[in-house]
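These notes concern the structure reproduced below.
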Amino acid sequence: MSMVSVPMFDLEQVTDSEKLTRIAAQVLTSSHHILGKKVVEFETKFANYLGVKHCVGVANGSDALLIALRSIGVTANDEVATVANAGFYTTAALNQVGASPIFIDVDSGSLLMDPEDLKIKILESNIKAVVVTHLFGQVAPIKEIVKICKAYSIKIIEDCAQAHGAHYENRKVGTFGDVASFSFYPTKNLGAIGDGGAVVTDNDEIAKNILRLRQYGWSEKYHVDTKFGVNSRLDEIQAAFLVEKLEKLDIWNEQRITIASEYFSSFKTGKVQFLKNTLNGVVHLFVIKTNYRNNLINHLSKNNIQSSVHYPIADHRQKVFEGRFDSLKLPITEESIDKILSLPIYPGMDQNKISHVIKVVNDFEAK
C-alpha cells in the first residue's frame, strides 16, 4: 500500500490561519458583528468581481437559493424547471416555497441542463422560472437557455454554488439570468470558514426584494412590508474572511484548471470517461464516468485516495416525494447516476499527490 495519502479536499491549503486569526480579532474588537463594514466591503468587491450591480450577503447557499426564488415572485404552486442531478439543493428550496419542480434531463456529455428537453417541458407545463445549475464548475448552456426563456417570458435563476469565477464569452456566471445564488461553504472555490452565501442581480427592484427578504421582510427597522422574510445574514466575521480569500480566487481557480488539465492529458481512458467541456469556466469537482465505479472506489481507497459520488440519488427518486415522480423518466440523469465519481482536486494539491492519483487510476485501467 502506498504511503501517499490524497484527501478529496485539504482545507489547510486555502486557510492562512495566522492571517485569518488577525482578521477575526479585528472584527471582534470592532464591536459590530452583524451587517457591518466587512459585509458591505465584501458585497461591493464580489459584485465588482462578477460585474454585477448588486450583491447581498446571506447566511448560506441554501438561503441564497430560497431568497432568489422569492425575490422574483416564485410562490406556492408555481412550476420551476431544474435538473435532478445536483444534490437536491434547488429542489429543497422549491419544497420550502411550495413550488413544484419540473425536472429537466441533462446532456449526456456534460451532465448539464439539456436545452432541448427544457423546450419540451416548457410546452408541456406552465413554467414560471428556470434554475440553471453550473454544476461541477462547468458553465451550463446559458445563452441557449436565456434565449428560450426570453421567448416565453420565463425568469432565470443561476445556481453558481460550484462555479465562482467561471465565465463564458468574457462574462462571469451569475450575470446572465435575472438573479443568481452563491454558496461559500468551506470547500467551494471561494469558501468561508463556516457557512455563507450571496444573491446577486442587476435588477434594482429584485435587489430591494432580496435585501428585505434576508432580514424579516423589513423595509426599515421593524417595518415589515414584504412577505416571507427570514433572518439570513452573512456574518461579519465570515465576510471579513471572504474579502481576504476573494483576492486569491483566480489563482486558486487556475491551480484547479492546471490539475484537471494534467488529469485529462495523463489518464488512459477506457474504463474511465471524461465529461465534455469540463474546463469551460472553472473546476469545482473533477467528475468522471465509469462502468466499474465500486471497483474503482475500492482500488482508490486501497491506495489511500479518497473519492466521492456527487450525487448518488436523483432528486425525483428521493424518498421524500413518496413516489410522486415514479412515472417520470430522465434517461440521461438516471443512467449517469450509477457511473459518476469525483476524484481529488483542490488548490495546493502537490505534484506527488497528483501523480499518485494518475498512477493509481492508470493501474486500474491496466487491470
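The values are calculated or read from the model by the stated rules, or taken from the named source; none is laboratory data. These figures come from a predicted structure and were not determined experimentally. Here the Cβ is made from the backbone with ideal geometry for all residues, glycine too, and neighbour counts use every protein chain on show.
List the helices (runs of 4 or more DSSP H) that sit entirely inside the range 1-97 and contain at least 3 residues that are more than 23 Å from LYS245 (Cβ to Cβ) and touching a residue at least 60 places away in the same chain (Cβ under 8 Å).
Qualifying helices (runs of 4 or more DSSP H): 61-71, 89-97.
Considering each residue of the range 332-367, count those that are under 18 Å from LEU275 (Cβ atoms), in contact with a strand residue (DSSP E or B) (Cβ under 9 Å, 6 or more places away or on another chain) and β-branched (Val, Ile, Thr), and give that number.
6
Out of all the residues in the range 146-165, is one or more touching a Pro at 6+ places or on another chain (Cβ under 6 Å), closer than 21 Å to SER71 by Cβ and touching a residue at least 24 places away in the same chain (Cβ under 8 Å)?
No: zero hits.
Could you say whether any residue in the range 29-45 is modelled with pLDDT of 95 or more, touching a helix residue (DSSP H, G or I) at 6+ places or on another chain (Cβ under 6 Å) and closer than 10 Å to VAL200 by Cα?
No, that holds for no residue.
Show the residue pairs meeting these rules: Cβ distance below 9 Å; 6+ apart or different chains; first residue within the range 270-286 and in the same structural domain as ILE358 (by TED's automatic domain parsing) and modelled with pLDDT of 90 or more; second residue in a loop (DSSP other than H, G, I, E, B) and hydroxyl-bearing (Ser, Thr, Tyr).
LYS271/TYR292; VAL272/TYR292; LEU275/SER110; HIS284/THR187; PHE286/THR278
Starting from the range 172-193, take each residue that is at positive phi and list its partners that are assigned to a strand (DSSP E or B) and modelled with pLDDT of 95 or more, counting only C-beta distances under 6 angstrom and pairs at least six apart or across chains.
GLY174/GLU158; GLY174/ALA180; GLY174/VAL200
Consider the range 303-334. How many of its residues are without any contact (Cβ under 8 Å) to a residue 24 or more places away in the chain, surrounded by fewer than 16 Cβ atoms within 10 Å (Cβ to Cβ) and not hydroxyl-bearing (Ser, Thr, Tyr)?
So the count comes out to 7.
Among (1) without any contact (Cβ under 8 Å) to a residue 60 or more places away in the chain; (2) touching a Leu at 6+ places or on another chain (Cβ under 9 Å); (3) over 25 Å from GLY87 (Cβ atoms), there is one condition GLY217 misses while meeting the rest; what is its number?
(2)
Does VAL309 count as touching a Lys or Arg at 6+ places or on another chain (Cβ under 9 Å) and at pLDDT below 95?
Here the answer is no, as VAL309 does not meet what is asked.
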